[in-house]
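Trainee: Got a structure for you, written out below as structure tokens; questions coming shortly.
The values are calculated or read from the model by the stated rules, or taken from the named source; none is laboratory data. As the structure is a computational prediction, the values presented were derived from the model and not from experiment. Positions of Cβ are generated from backbone atoms using ideal geometry, with glycine treated the same way; all protein chains shown enter the neighbour counts.
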Amino acid sequence: MEPLVLDSKTRLLVLTGAGVSAESGVPTFRGMNGLWENHPVEAVASPQGFEANPALVWRFYSQRRTGAADVKPNPGHDALVRWEQHLGDRFLLATQNVDGLHTKAGSQRVVDMHGNLFRTKCADCQRAPFADTSVHPSGTVPKCDNCGGRLRPDIVWFGEMLDPNDLARIGEFITRNDGTRLVFLAAGTSGAVWPAAGIVDEVRSVRGDTWLVNYESAANTERFHHFVQGLSGEVLPTLAKLV
Ligand code: BJW
Ligand code: ZN
């Protein structure tokens, strides 16, 4: 297999999805068949779902907080930390995962595209999002100290805009004109959720080289120049040649 060469002339954008955390024991979305306790994920991860049943949504996220609190990064996360140490500012990690495992592993240049499971914000006022590990008993919805409104997880739900600053950071990395060649690697993602699924085409539009590491074929596999099929915790540690 041709190696992924990471030399002084290369800048690398990595996109990770739920598959990268799977070997740490965090369930993937499509792995649950898009269902949680028989509720479609859209019913517990959308503004409409929150309006309809905020207590159900908090039960879902309380369970996820409990499940993610003790999980540990796996060799896939660790490989990305080594790549970043080698490349410095020529590395950027955009993750769709909200479990915080990349930061736990030691990654620093991380864009949390879909938010963070351990952060909360107010659904009703503009107070800044805050770190929060609390879980809430079944049937309850936490209240905002500031306005008395409803708190919600700081997660980007279906139909919500991603943070424009996050998108700008990814866009600027893609179009950076510093004489380096752009390589893009997506790992552990089904390529089904936008705008993350379209990054491969943004990279191709500036003639970047594109790699996919995934356990099974993704919705956008044919858009990548290279597809390495396998588990990210096994493939990533041996994929790159650091020069
Ligand atoms: C392994 C492995 C191992 C397993 N090793 N691999 C254009 C076209 C159509 C629709 C849209 C569009 N643009 C926007 C939309 C609407 C929507 C969308 O994309 N819908 C699609 C489902 C069709 N997008 C949005 O709403 C986004 N907002 C937006 O675009 O705003 C503007 C707008 C709105 C509406 C219309 C138009 C514009 C926001 C998306 C936010 C996504 N949020 C979620 C849920 C909340 C997070 C949470 O609670 O945790 O984020 S959805 C869910 O999917 C979660 C994930 O981050 C995300 C991606 O999933 P991921 O990571 O790919 O996981 P899986 O499970 O799908 O795949 C895992 C893969 O790993 C599998 O392939 C396995 O094989 C593999 N694998 N083990 C390697 N060990
Ligand atoms: Zn408030």
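So that you can scan it fast, the table gives a plain yes or no per residue for (1) assigned to a loop (DSSP other than H, G, I, E, B); (2) more than 19 Å from the chain's Cα centre (by Cα):
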{"position": "SER24", "(1), (2)": "yes, no"}
{"position": "ALA43", "(1), (2)": "no, yes"}
{"position": "PHE50", "(1), (2)": "no, yes"}
{"position": "PHE60", "(1), (2)": "no, no"}
{"position": "THR66", "(1), (2)": "no, no"}
{"position": "GLU84", "(1), (2)": "no, no"}
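Trainee: Now for a different question. Within the stretch 91-126, which residues are more than 16 Å from ligand 1 (Cβ to nearest atom), under 23 Å from ALA52 (Cα atoms) and either in contact (Cβ under 8 Å) with a residue 12 or more places away in the chain or of a type in the set (A, V, I, L, M, F, W, C) (or both)?
Mentor: Residues satisfying the conditions are CYS122, ASP124, CYS125.
Trainee: Quick one: is VAL213 surrounded by 13 or more Cβ atoms within 10 Å (Cβ to Cβ), away from ligand 2 (no atom under 16 Å from the Cβ), over 17 Å from the mean Cα position of the chain (by Cα) and not acidic (Asp, Glu)? Outline the logic, then answer.
Mentor: On the way: surrounded by 13 or more Cβ atoms within 10 Å (Cβ to Cβ): yes; away from ligand 2 (no atom under 16 Å from the Cβ): yes; over 17 Å from the mean Cα position of the chain (by Cα): no; not acidic (Asp, Glu): yes.
Against the criterion (surrounded by 13 or more Cβ atoms within 10 Å (Cβ to Cβ), away from ligand 2 (no atom under 16 Å from the Cβ), over 17 Å from the mean Cα position of the chain (by Cα) and not acidic (Asp, Glu)), VAL213 does not qualify.
Trainee: I would also like to ask the following. Please state which one of ARG59, ARG82 is away from ligand 2 (no atom under 16 Å from the Cβ) and surrounded by 17 or more Cβ atoms within 10 Å (Cβ to Cβ). Before you say what the answer is, go through the steps one by one.
Mentor: Details: ARG82 fails: surrounded by 17 or more Cβ atoms within 10 Å (Cβ to Cβ).
Of the residues listed, the single one that is away from ligand 2 (no atom under 16 Å from the Cβ) and surrounded by 17 or more Cβ atoms within 10 Å (Cβ to Cβ) is ARG59.
Trainee: With the checklist (1) in a helix (DSSP H, G or I); (2) assigned by the TED database to the domain that holds LEU12; (3) under 16 Å from the mean Cα position of the chain (by Cα) in hand, flag the one item LEU92 doesn't pass.
Mentor: Every condition holds for LEU92 apart from (1).
Trainee: With in a loop (DSSP other than H, G, I, E, B), assigned by the TED database to the domain that holds LEU13 and on the phi < 0 side of the Ramachandran plot as the only criterion, which of GLU172, GLU202, GLU216 stands out? Walk me through how you get there before you give the answer.
Mentor: Values: GLU172 fails: in a loop (DSSP other than H, G, I, E, B); GLU202 fails: in a loop (DSSP other than H, G, I, E, B).
Exactly one of GLU172, GLU202, GLU216 is in a loop (DSSP other than H, G, I, E, B), assigned by the TED database to the domain that holds LEU13 and on the phi < 0 side of the Ramachandran plot, namely GLU216.
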